[in-house]
Amino acid sequence: MDGLAIETEWGALLARRGAAPPGRPLAGPLAALFAPLLAPPSAADGCVVVGRLAQTLDGRIATLSGSSQWIGGRGDILHTHRLRALCHAVVVGAGTVRHDDPLLTTRECEGPDPVRVVLDTDRRLGPDRRVFAAGGPPTLLVCAEDAPGPDRLGAAEVVRLPRDPVAGGLLLPALLRFLASRGLPRVFVEGGGVTVSRFLAAGCLDRLHVTVAPVLLGSGIPAFTLPEAARIADGLRFRWTPYALDPDVLFDIALDRARPAVCAV
Ligand SMILES: NC(=O)c1ccc[n+]([C@@H]2O[C@H](COP(=O)([O-])OP(=O)(O)OC[C@H]3O[C@@H](n4cnc5c(N)ncnc54)[C@H](OP(=O)(O)O)[C@@H]3O)[C@@H](O)[C@H]2O)c1
């Protein structure tokens, strides 16, 4: 497919980013991957949630010191920016903001910036991170109801939500209901491993995009961490569709809010 055809197809996908009802089904390689994200939400919280990680062949998303740039190649970076552009909100954990100081804006493709959402239960992050600076897209700093501090962090609005009494951290179903109430129903969980794993454990992911790069680290920060499984049969098994993101492979997984058996309460 040539560049112009891809651009046209991307434009058609972007045109459906808003709340308008879907028109004619889209065809093409980008639509196969992204159109499921534009479908109306099926969960009662009103959100469509896609998680994403780029990992090494041995399941690491960063070195132990937190260096992750770049595990995936150019194709994976473009894919990540396309997810930002199609989604209303991009969610990251405090660990990613601490290590990477990301901007979380859409720069590698045409499309709007998402609202940036940082999960930091106990408000350990300071205002010096770029995502909290004035002049960028809006940022929400989400913390626990009982976390002390003012209602702003730099330019970010502070949002308080209940803690999850079982899993720890914040109650993710409450976060999704809140984002839907703010008109941000399409949610991209960009990382890191702890954050995507918590969404998975809570049964809060409609879709999972995992890029596997041809790299072996043998150590590092893990992609997914869940409670211990006693048997292989206890693992979450699914169908996947692979896409070549030369030199990497992207796996598109329809989780449909499945909750791993080891996480059932
Ligand atoms: N390869 C990739 O795709 C990729 C993507 C993103 C980041 N990274 C790398 O991954 C590393 C960071 O990942 P990580 O797994 O260590 O951490 P992380 O997921 O970025 O952040 C974890 C922290 O975020 C907060 N958090 C996450 N989920 C939460 C929830 N449901 N409720 C409340 N708080 C929540 C918690 O902070 P508190 O403990 O303070 O409560 C938690 O400890 C960095 O080195 C970064 O470079 C890689």
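The values are calculated or read from the model by the stated rules, or taken from the named source; none is laboratory data. Predicted, not measured: the structure shown is a model, and the values here were computed from it. When we count neighbours, we look across all protein chains shown, and the Cβ atoms used for this are built from the backbone with ideal geometry, even at glycine. These area figures cover heavy atoms from the full protein model, side chains too; ligands, DNA and RNA do not enter into them. Shrake-Rupley method; radii C 1.70, N 1.55, O 1.52, S 1.80 Å.
The stretch 159-226 and the stretch 243-265 have Cα centres spaced 12 Å apart.
Positive-end ranking of 34, 159, 241 along the dipole of the chain, with charges on Cβ about the Cα centre, is headed by 159. Between residue 262 and residue 15, the modelled labels are 4.6 nm apart [label points 7 Å from Cα along Cα→Cβ].
A viscosity of 1.002 mPa s and a temperature of 20 °C, combined with the Kirkwood radius over C-alpha pairs in the Stokes-Einstein formula, give the stretch 45-263 a diffusion coefficient of 121 µm²/s. Model label points for residue 69 and residue 182, set 7 angstrom from Cα along the Cα-to-Cβ axis, are 2.5 nm apart. Scanning residues 5 or more positions from residue 54 or on other chains, those with amide H under 5 Å from its amide H are 211, with H placed 1.01 Å from N in the peptide plane. Over all other residues within a Cβ to Cβ distance under 10 Å of residue 82, the charged ones net out to -1, with Lys and Arg as +1 and Asp and Glu as -1. Packing, taken as the mean count of other beta carbons within 10 Å per residue, orders the peptides 211-217, 223-229 from highest to lowest as 211-217, 223-229. Rolling a 1.4 Å probe over the protein heavy atoms gives the chain an accessible area of 48 Å² per residue.
Electrostatic bookkeeping for residue 257 treats Lys and Arg as +1 and Asp and Glu as -1; over the other residues with beta carbon under 13 Å from its beta carbon, the sum is -1. On the basis of the beta-carbon distance and an R0 of 30 Å, residue 8 and residue 251 show a calculated FRET efficiency of 0.70.
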